[in-house]
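Peer 1: Just passing along the structure, written as structure tokens.
The values are calculated or read from the model by the stated rules, or taken from the named source; none is laboratory data. All of these numbers come straight from a predicted model, not from anything done at the bench. Positions of Cβ are generated from backbone atoms using ideal geometry, with glycine treated the same way; all protein chains shown enter the neighbour counts. SASA here: full protein model, heavy atoms, side chains in, ligands and nucleic acids out. Shrake-Rupley method; radii C 1.70, N 1.55, O 1.52, S 1.80 Å.
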Amino acid sequence: MDTSYYHNFITLVQTGNMTQAAEILHITQPALSKQLKYLEAEFGAQLINIKRGQRGSNLQLTDAGKIFYEKAQQLCSIEESTYNAVHQLNSRIEGTLRIATSASRSTPIVQQYLPAFSMKYPSVHFEIYEGLMTNVVNQLINGNAELGIANIQMVDTDKFDILLTQEEHLYAIFRRDVFWIDREHDTITWDDIKKCPLSLSGGSVRMIMQSSLTDMDQLNAVAITTTKSSAIEWASSGRTVSLVPMDGKELINHRKMARIKLPEFSGDFKKAFITLKGHALSPVAQQFIDFYKAYV
């Protein structure tokens, strides 16, 4: 049977009026009435009671009609999802995904998102440009990269559109076999942490300086690094506790390392995916943004 009959029946029920439904479906009223009679003959039951001469809704589902209406909705939903799945399979996504970001932010992207994206879209290739914010800006302006990842507070919204944002928080990262060996992690406080030798990334310095909780001069900062990757390397040696901004889903790939979120430094700290203002994303870039949103 032509599934359009099912779609038309659903429209008829939802409008509650034969004339209005026919207008919406761009068919004649007799043709729609003929489809209804065909369905009733096919299933051997009256589906709708039609009350003539009333304004507004003049249709009433029978018990059989209620069952048919529910099943027709399910059938049409399955048909639509099947079509979309096949269409997506046949719509080959290929090309090159070009991203400009700091080295610190490229690591979790490569570790946690690009492998799964690559498996789903094996014809996509990748170019990752790493550098400071000025490098990210230049790569986007020069057209070498299509997507950029940056601290939202550093984004010039006159030049760039923000596609999506993700919250970041300040975390303390340390060797569990060196620091607080005999304590539960949830008992460790900021007062405990700030007494330790620290390695800080540039992002954590900005977060601390914007807070009124601590003066930088009061901290035992053994190392201040440009990237959080370097700050974490100090912590992995066991010499320091590292303070870095991270999103909640980033991983620490070291079995001896632990991390603690520092809620004292909550605030409007977000990383942003950006592109040149007014730039229409390529199918590859748009597919990646949609893919990433599903995990955020």
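Peer 1: Being open to solvent by 20 Å² or more (accessible area, probe 1.4 Å) and touching a helix residue (DSSP H, G or I) at 6+ places or on another chain (Cβ under 9 Å) is the filter; apply it to the stretch 203-214 and report the residue that is modelled with the highest pLDDT.
Peer 2: Once the filter is applied, the top-ranked residue is Val205.
Peer 1: Let me ask you something else. Among the listed residues Gly203, Gly278, Gly248, which satisfies the condition of being farther than 30 Å from Ile93 by Cβ and touching a residue at least 24 places away in the same chain (Cβ under 8 Å)? Reasoning before the result, please.
Peer 2: Values: Gly278 fails: farther than 30 Å from Ile93 by Cβ; Gly248 fails: farther than 30 Å from Ile93 by Cβ.
Going through Gly203, Gly278, Gly248 in turn, the sole match is Gly203.
Peer 1: Can you name every residue in the stretch 266-286 that is open to solvent by less than 50 Å² (accessible area, probe 1.4 Å) and under 15 Å from the mean Cα position of the chain (by Cα)?
Peer 2: If the condition is that a residue be open to solvent by less than 50 Å² (accessible area, probe 1.4 Å) and under 15 Å from the mean Cα position of the chain (by Cα), then Lys271, Ala272, Phe273, Ile274, Ala285 are the ones that fit.
Peer 1: Quick check, is Val205 more than 22 Å from Met154 (Cβ to Cβ) and among the hydrophobic types (A, V, I, L, M, F, W, C)?
Peer 2: no
Peer 1: Any idea which residue in the stretch 169-187 is farthest from Ser236 (Cα to Cα), counting only those that are assigned to a strand (DSSP E or B) and not aliphatic (A, V, I, L, M)?
Peer 2: Top of the filtered list is His169.
Peer 1: Confirm whether Phe117 is buried (at least 16 other Cβ atoms within 10 Å of the Cβ), at pLDDT 85 or above and within 21 Å of Ser282 (Cβ to Cβ).
Peer 2: For Phe117, the condition - buried (at least 16 other Cβ atoms within 10 Å of the Cβ), at pLDDT 85 or above and within 21 Å of Ser282 (Cβ to Cβ) - is met.
Peer 1: All but one of (1) outside any helix (DSSP H, G or I); (2) free of Cβ contacts under 8 Å to residues at least 60 places away in the same chain; (3) polar (S, T, N, Q) hold for Gln166, so report the exception by its number.
Peer 2: Gln166 satisfies all of (1) outside any helix (DSSP H, G or I); (2) free of Cβ contacts under 8 Å to residues at least 60 places away in the same chain; (3) polar (S, T, N, Q) except (2).
Peer 1: Follow-up. Pairs needed: first member in the stretch 68-81, under 12 Å from Leu39 (Cβ atoms) and in a helix (DSSP H, G or I); second member anywhere, aromatic (Phe, Trp, Tyr) and at pLDDT 85 or above; C-beta distance under 6 Å; at least 6 residues apart or different chains.
Peer 2: Ala72/Tyr6; Ala72/Phe9
Peer 1: Also, quick follow-up: Name the residues in the stretch 215-265 that are open to solvent by 40 Å² or more (accessible area, probe 1.4 Å), closer than 22 Å to Glu130 by Cα, in contact with a helix residue (DSSP H, G or I) (Cβ under 7 Å, 6 or more places away or on another chain) and of a type in the set (A, V, I, L, M, F, W, C), would you?
Peer 2: Within the stretch 215-265, Ile224, Leu251 qualify.
Peer 1: Moving on to the next point. Working only within the stretch 84-110, note down all residues that are assigned to a helix (DSSP H, G or I), at pLDDT below 85 and open to solvent by less than 30 Å² (accessible area, probe 1.4 Å).
Peer 2: Selection gives Ser104, Ser106, Pro108.
Peer 1: From the list Asp177, Asp192, exactly one residue is open to solvent by less than 50 Å² (accessible area, probe 1.4 Å) and either among the charged types (D, E, K, R) or in contact with a Pro (Cβ under 9 Å, 6 or more places away or on another chain) (or both). Which is it?
Peer 2: Asp192
Peer 1: Going residue by residue through the stretch 12-27, is there one that turns out to be open to solvent by 20 Å² or more (accessible area, probe 1.4 Å), touching a Phe, Trp or Tyr at 6+ places or on another chain (Cβ under 9 Å) and either among the acidic types (Asp, Glu) or within 17 Å of Leu59 (Cα to Cα) (or both)?
Peer 2: Yes, there is a match, as at least one residue in the stretch 12-27 is open to solvent by 20 Å² or more (accessible area, probe 1.4 Å), touching a Phe, Trp or Tyr at 6+ places or on another chain (Cβ under 9 Å) and either among the acidic types (Asp, Glu) or within 17 Å of Leu59 (Cα to Cα) (or both).
Peer 1: Report yes if Asp158 is more than 17 Å from Ile99 (Cα to Cα), acidic (Asp, Glu) and not in a helix (DSSP H, G or I), otherwise no.
Peer 2: Values: more than 17 Å from Ile99 (Cα to Cα): yes; acidic (Asp, Glu): yes; not in a helix (DSSP H, G or I): yes.
Spelling it out, Asp158 is indeed more than 17 Å from Ile99 (Cα to Cα), acidic (Asp, Glu) and not in a helix (DSSP H, G or I).
Peer 1: Do we have Ala150 as in contact (Cβ under 8 Å) with a residue 12 or more places away in the chain, open to solvent by less than 30 Å² (accessible area, probe 1.4 Å) and assigned to a loop (DSSP other than H, G, I, E, B) here?
Peer 2: Values: in contact (Cβ under 8 Å) with a residue 12 or more places away in the chain: yes; open to solvent by less than 30 Å² (accessible area, probe 1.4 Å): yes; assigned to a loop (DSSP other than H, G, I, E, B): no.
In short, no.
Peer 1: Given the conditions (1) more than 30 Å from the chain's Cα centre (by Cα); (2) of a type in the set (Phe, Trp, Tyr); (3) within 21 Å of Val136 (Cβ to Cβ), and given that Trp234 satisfies all but one, which numbered condition is not satisfied?
Peer 2: Evaluating Trp234 over (1) more than 30 Å from the chain's Cα centre (by Cα); (2) of a type in the set (Phe, Trp, Tyr); (3) within 21 Å of Val136 (Cβ to Cβ) leaves (3) as the failure.
Peer 1: Next question. Take the conditions among the polar types (S, T, N, Q), open to solvent by less than 80 Å² (accessible area, probe 1.4 Å) and in a helix (DSSP H, G or I) and apply them to Asn135. Does it pass?
Peer 2: Yes: the conditions hold for Asn135.
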